[in-house]
Amino acid sequence: MNSTRDIEGHGTHTSSTAAGGFVDDVSYFGYANGTAVGAAPRAWIAVYKALWDGRIAQSDALAEIDQAIVDGVDILSLSFSSGNNSLNVNPISIACFTAMEKGIFVAVSAGNDGSAYGTLSNGVPWATTVGAGTMDRYLYGILTLGNGVQIRFPSWYPGDHSPRNKPLVLSECDSQEEFLKFRGYIVVCKESYDMLSFLWSFRRQKWVPSQLQWWIHTAQEVHLQNPPYVLKPDILAPGTSVLAAWPSKTPVSDHFYHFWYSDYNVLFGTSMATPHIAGVAALVKAVHPDWSPAAIRSALMTTADALDNTQNPIKETAYNDTATALDLGAGQVNPNKALNPGLIYNVSAEDYVQLICAMGFPKKEIKKITRSSYKCLNPSLDLNYPSFIAYFNGESSAPDELVQVFHRTVTNVGEERSSYTAKFTPLKGLKVKVEPKKLVFKSKHEKLSYNLTLEGPKYMKEYLVNGHLSWVSDDGKNVVRSPIIATRMNPGETPDSFGGF
């Protein structure tokens, strides 16, 4: 029957991640044991059920967001996608525009379709798009060889360990016949695409013998690809090995011919990362109740960490390469720094409307998105966003050299009298210029503007160049960092493409 009760577990997991209370001595069958707590444990939660059997109707998506607006929420956490690109028919885009107008911060999941072109979900400019990052939680099992050597390997197998020795065998793992003859063995698979495909199909058909244990190495930075005129995703949050609450009557696993039950489950994905950002946004909102959703997003982005906990650049795990802003946005969220960002990039509803106008939407379609009669007074694709993306792909009518200028305005939310100096990373093959190079604020809430200019060949030699611009306060207390991407990729065939499945 139709019920608001969570029978799948996804909503329980995400809501407890955002604002769950302190619970001592929890674990997933002994893994990740400790005290569980949400990002904003003192926040009040309203949960709306719109997904049924893993599917969502567009009308339900609109209805749940509209109801949340009526109920007066401050933050929306949306770990789902409608799967539709166009801003004028995407229910998340339409409903979240109204939420933004009402001062509601919206966090949306970037999707789990990997790191290929066009895989982004929810690249809505007026929402904060969240990618999934790793954290320093390592769930593992221990394999003890006959000679006493112990090998740690990724595992969250819920059963008891085996006290008896088992034969160890190396296998191609590419056929059912070969796999089944190793019942009771520990199988080491030679990694390949065929092996991965076979194991996933093998797992889905539940043919796995009770004592057969295996693991698969796959990418954990589950994200990529941006909308054309606004660099997305915006930010990373923990999205791997996330332990959170689970309905006690819903199995956490049905592997090995057995249903396993637990009050806590370990999940992966941008669905798990999104409520982290929603919770941190709630904390920022509590400290700065008058800040707009764009101001909160700016604070999260400009204070995010681009380095991991070893002080090295964050890597994407699919190819073990240094991640770019197309993978991680501004970086991994840093909640403490976000409370005092120094400067913010604000965006009004009118600014978003002028972006939509510049994208070529007719008046009727603009009204579908905004639900009101805005006018296209000053159409511009240059949104006052805390990130930059420039295309040098030969599409311009400019001569051999192309100059792209970005205009930005920052608001001082730090010390009343403060000065900031521009620092930027070199971008290979491009000339970078910031004017002015120094911003001197005489009062709090004062606004100052600057221009970032990128000059380079009409068609870049490099496919993608990644860097950043930082405004560093003279007292050293604040570094306001924005990612920069320059690329020769084609931003999309249609002007309204904002990502999708």
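The values are calculated or read from the model by the stated rules, or taken from the named source; none is laboratory data. Just so it is clear, the structure is predicted and the values come from calculations on it, not from any experiment. Note: ideal-geometry Cβ built from the backbone for every residue, glycine included; neighbour counts use all protein chains shown. All accessible areas refer to the heavy atoms of the entire protein, side chains included, with ligands and DNA or RNA removed. Shrake-Rupley method; radii C 1.70, N 1.55, O 1.52, S 1.80 Å.
Values as computed for the structure displayed
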read-out	value
Hits among aspartates and glutamates - C-alpha to C-alpha of LYS181 under 16 Å, sequence gap 8 or more where chains match	GLU172
Debye equation applied to the C-alpha atoms of the range 284-420, log10 I(q)/I(0) at 0.11 Å⁻¹	-0.59
Placed amide H near LEU76: partners under 5 Å, 5+ positions off or other chain	PHE105, VAL106, ALA107
Per-residue SASA entry for ASP136, accessible area with 1.4 Å probe, Å² rounded to 10	130 Å²
Largest-first principal axis extents, alpha carbons of the range 444-494, Å	43, 23, 18
Principal axis dimensions, largest first and in whole angstrom, of the range 227-301 by Cα	51, 32, 15
Nearest-10 value in Å² for the accessible area of TYR185, using the 1.4 Å probe	80 Å²
Cross-link table LYS337/LYS423; LYS285/LYS367; LYS285/LYS433, entries beyond 27 Å C-alpha to C-alpha	LYS285/LYS367; LYS285/LYS433
Percent of Cα pairs exceeding the 22 Å cut-off, where the set is the range 240-365	57 percent
Inter-label distance for ASP136 and HIS407, nm, one decimal - labels placed 7 Å from Cα along Cα-to-Cβ	4.5 nm
Per-residue [θ]222 nm for the chain (sum of -39500 (n - 2.57) over DSSP H runs n ≥ 4, rounded to 500)	-6000 deg cm²/dmol
Rg/Rh ratio calculated on Cα atoms of the range 1-75 (Kirkwood radius)	1.04
Carbon/sulfur fraction of accessible area - the range 88-177, other protein chains in place, 1.4 Å, %	49 percent
Accessible surface, 1.4 Å probe, highest first, among residues ILE485, ILE56	ILE56, ILE485
Convex hull per residue volume in Å³, alpha carbons only, for the range 364-433	187 Å³
Reachable aspartates and glutamates, given that their alpha-carbon falls under 13 Å from the alpha-carbon of LYS431 and they are not under 8 places away in the same chain	GLU401, GLU455
Equivalent ellipsoid semi-axes - Cα gyration tensor, the range 111-152, angstrom	41, 12, 6
Accessible area in the full protein assembly, largest first, 1.4 Å probe, for HIS407, HIS288, HIS445, HIS10	HIS445, HIS407, HIS10, HIS288
Long-range HN-HN contacts of LEU343 with modeled amide H, under 5 Å	VAL413
With all protein chains modelled, accessible area of HIS468 [1.4 Å, Å²]	50 Å²
Volume in Å³ per residue [convex hull over Cα atoms, computed for the range 428-472]	94 Å³
Residues of the chain: accessible area per residue with a 1.4 Å probe, Å²	49 Å²
Ratio Rg/Rh, restricted to the range 375-485 and using Cα atoms, in which Rh is the Kirkwood radius	1.02
Across the chain: Cys residues that no other cysteine approaches within a C-beta distance under 4.7 Å	CYS96
Cα Rg, Dmax (largest Cα-Cα span) when computed across the chain, Å	24.3, 77
Solvent-accessible area, 1.4 Å probe, carbon plus sulfur percent, for the range 370-459	52 percent
Share antiparallel - DSSP beta bridges, the chain, percent rounded to 5	75 percent
Amide hydrogen neighbours beyond the local backbone of HIS468, cut-off 5 Å, H modeled	THR425, ILE484
